[in-house]
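S.K.: Got a structure for you, written out below as structure tokens; questions coming shortly.
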Amino acid sequence: MIEATGLTKHYGRTVAVDNLSFTVAEGRVTGFLGPNGAGKSTTMRMVLGLDRPTSGDVRIDGQHYHDLHQPLRTVGALLDAKWVHPNRSARDHLRWLAAASKIPRARVDEVLDLVGLTGVAGKRAGGFSLGMSQRLGIAAALLGDPRVLLFDEPVNGLDPEGILWIRKFMHRLADEGRTVFVSSHLLSEMALTAQDLVVIGRGKLIYQGTVEDFVEHATESTVLVRSPQLDRLRDLLRAEGSEITEITEDGDALRIGGVASAAIGELAAANNIVLHELNPQVGSLEQAFIQLTGDTVEYRTEEHRSEEHGAGEHRAGEPAGNGEVTSG
Ligand SMILES: Nc1ncnc2c1ncn2[C@@H]1O[C@H](COP(=O)(O)OP(=O)(O)OP(=O)(O)O)[C@@H](O)[C@H]1O
Ligand SMILES: [Mg+2]
């Protein structure tokens, strides 16, 4: 488990990470999502004790990285796959790392096998493709058989086969009960890889929770309704309440926002209205991501505005009403 509390990092005047609090659970893959420059790598470096927080705190299984007795046996990380001596073979690179951490040599062949590099273990790592380099980096992270694993953009630049391999591998590591924290700016990929998400924008937490909830809360989902008695249905929906945010008319169909499909179905049944179609349309994850991270700038303006006028207006679709989502 990883626990960050009020984690903050300033580089001069740049606020790379801003009062970030989140937890990463064991036995699950947690995606760490944010656009370029959001502060993902900086956060990961602070988890690993490579960067000192300006303020705040982050712990791995309750301990600071620097207090871990055997760091490599507790936490493994892949931050930069190209970090190998180009003329060393894959096996020698891993042996060198193992020796430095008093890890038995036999473990090197185990991890080479785990990542499918046994056949090229004697080849110089400098000649490896990006996919092979990523596998070697993952092998290095696994050397100490750690319970906690961090991967910074592991699928960047990989071909579909490489991406699929990494995805399955992450699932396997989580199924073994490990904590798997993997960063990406590709939401579509994270939707398939991760169960939980920590989403940041401009160093601030935007969302923490499951992938499912993220989509549900972040997208403005609508319901498509077809009925031969649309006029009656429209009147009833309007009379039902203020919650309908969008109604567009398209022949015999209505697109309704702000009301669940079940409620529409029940309303129709109670009033003997025939429905030909009742179709909930969930927005795509990609839309949700752009909506939320793209809003980071807007949130600031909104904040300033509400400070000036002393009142914060609640916008439609704003996730701040959900306790798990913060607008910073
Ligand atoms: N060593 C550093 N010195 C100064 N500024 C830095 C340093 N490292 C990161 N930054 C700045 O901190 C911010 C966050 O950078 P970071 O690399 O953590 O983002 P990221 O989410 O990993 O982005 P990417 O998706 O591009 O990898 C950026 O504005 C970046 O320019
Ligand atoms: Mg980065």
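Every number here is computed from the coordinates shown, using simple stated rules; none is lab data. In this text, all values refer to a predicted model and were calculated from it rather than measured experimentally. Cβ: placed from backbone, ideal geometry, glycine included. Neighbour counts: every protein chain shown.
S.K.: Out of residues 5 or more away from ARG28 or on other chains, whose amide H comes under 5 Å of its own, with H placed 1.01 Å from N in the peptide plane?
M.R.: VAL180
S.K.: With point charges of +1 on the Cβ of Lys and Arg and -1 on the Cβ of Asp and Glu, referenced to the Cα centre of segment 108-232, which listed residue (GLY116, LEU143, GLY127) lies farthest in the positive direction of the dipole?
M.R.: After comparing all options, I get GLY127.
S.K.: Jot down the per residue volume, in cubic angstrom and as a whole number, of the convex hull over the alpha-carbon atoms of segment 166-233.
M.R.: Taking the convex hull of the Cα positions in segment 166-233, it is 148 Å³ per residue.
S.K.: For segment 2-216, what is the percent of antiparallel DSSP beta bridges, rounded to the nearest 5?
M.R.: The answer is about 50 percent antiparallel.
S.K.: I'd like the Karplus ³J(HN,Hα) series for segment 225-230: coefficients 6.51, -1.76, 1.60, θ = phi - 60°, whole numbers in Hz, and an x wherever there's a Gly or Pro.
M.R.: Values, residue by residue: 10, 10, 7, x, 10, 4 Hz.
S.K.: Also, I was wondering about something else. Whole-Hz Karplus ³J(HN,Hα) for segment 4-9, in order, using 6.51 cos²θ - 1.76 cosθ + 1.60 and θ = phi - 60°, x for Gly and Pro?
M.R.: 10, 10, x, 5, 9, 9
S.K.: List every residue whose amide H lies under 5 Å from the amide H of GLY76, counting only residues 5 or more places away in sequence or on a different chain, with H placed 1.01 Å from N in the peptide plane.
M.R.: Result for GLY76 returns VAL148, LEU149, LEU150.
S.K.: Turning to a different aspect of this structure: Can you list the residues, at least 5 places off or on another chain, whose amide H is less than 5 Å from the amide H of ILE206, using H built in the peptide plane?
M.R.: Answer set, sorted by chain and number: VAL199, ILE200, GLY201.
S.K.: Now for a separate question. What order do you get for 48-58, 15-25 when each peptide is scored by the mean count of other beta carbon atoms within 10 Å, highest first?
M.R.: 15-25, 48-58
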